[in-house]
Amino acid sequence: MKIKINEIFFSLQGEGTQVGIPTTFVRLFGCSLRCSWCDSMYAVEGDDYKEVKVQELIADIEKIKCKNICITGGEPLHQKEELVFLTNILLEKGYRILLETAGHIRPMDIFKNSNVLISMDCKCPGSGMDKKTNLSLLKELEAKDQIKFVIKDLKDYEYAKNIVLKNFFKAQVIFQPVYGSNLESLVNMVLKDNLNIRVVPQIHKIIWGDIRGV
Ligand code: SF4
């Protein structure tokens, strides 16, 4: 079975609750959304991908010798069958997986495994994709998972706050400022409103800037 991948690289997890953990990133190709602030359009459209056998991809992953895998994109859930096949083998081999997904497609049952953390976006208006989010999918996530709001401006903050205050989520909630936006003002608003969430900026961009492959 072949899978479309954009890139594979070893770096620090830069986002969410696993921030700072050395991780192998597997970026799958293709996405049906077009977020205004997308930082990986090269994995969304165009021809910057290769189709590889899943077993070859696993061999490349094993060469890196890191048990933490982040499967990202693009939107990984578009390649359902291939992704389940890949995830099944990785779990059997003892890998811990973080799956990044945009919040409009239901993750398959294999991602309920306790060695998988689902990181699901709740798109805010600033992305232009807020109507695509399926709130019921966010409510189905477990305590092991995380919900990520990427916050661009005050309108996004108010939108995210409203959703957090009006809904019960078992998953941990992350507010992540868009790279280059004002982190301090976001933190001040969260403290003023005393929200039960976690603010985590993208540390890989603080370390290396907004460049590809880190
Ligand atoms: S869902 Fe993710 S990959 Fe797709 S356009 Fe939005 S940010 Fe980019």
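Please treat every number below as a calculation from the coordinates, not as lab data. All values derive from a computational prediction rather than experimental measurement. Virtual Cβ from ideal backbone geometry, glycine too; neighbours counted across all protein chains shown.
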Likely footprinting exposure, Y157, Y42, fewest C-beta neighbours within 10 Å first: Y42, Y157
Pairwise centroid distance, computed over Cα atoms, of the range 8-75 with the range 174-214, Å: 21 Å
Burial ordering of K80, K192, K67, fewest other beta-carbon atoms within 10 Å first: K192, K80, K67
Unpaired by the 4.7 Å Cβ criterion, cysteines found in the chain: C31, C66, C70, C122, C124
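Below 13 angstrom from the Cβ of V19, what's the summed charge of the other residues (Lys, Arg +1; Asp, Glu -1)? Please report the intermediate quantities before stating the final value.
Details: positive: K148, R198, K205; negative: E15.
In short, +2.
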Qualifying aspartates and glutamates (Cα of each under 15 Å from Cα of K67; at least 8 residues distant if same chain): E92
Given K132/K161; K131/K152; K139/K205; K131/K192; K63/K144; K148/K192, the pairs whose alpha carbons are separated by over 22 Å: K139/K205; K131/K192; K63/K144
Square roots of five times the Cα gyration tensor eigenvalues for the chain, Å: 28, 18, 17
Residues D153, D121, sorted so that the one with the fewest Cβ neighbours within 10 Å comes first: D153, D121
Contact order relative to length of the range 2-208, as percent, for alpha carbon pairs under 8 angstrom and 6 or more apart: 18 percent
Nonlocal amide H pairs with V173, under 5 Å, H built at 1.01 Å: I147, R198
Net length gained if the chain between K93 and L183 were fully extended (0.36 nm per residue, minus Cα distance): 28.5 nm
Note, ³J(HN,Hα) from phi for the range 104-113, Karplus 6.51, -1.76, 1.60, rounded to Hz, x at Gly and Pro: 10, 10, 6, x, 6, 4, 4, 7, 7, 3
Relative contact order %, the range 160-212, counting alpha carbon pairs below 8 Å whose residues are six or more apart: 42 percent
About the Cα centre, charge dipole magnitude for the range 57-214 (Lys/Arg +1, Asp/Glu -1 at Cβ), debye: 220 debye
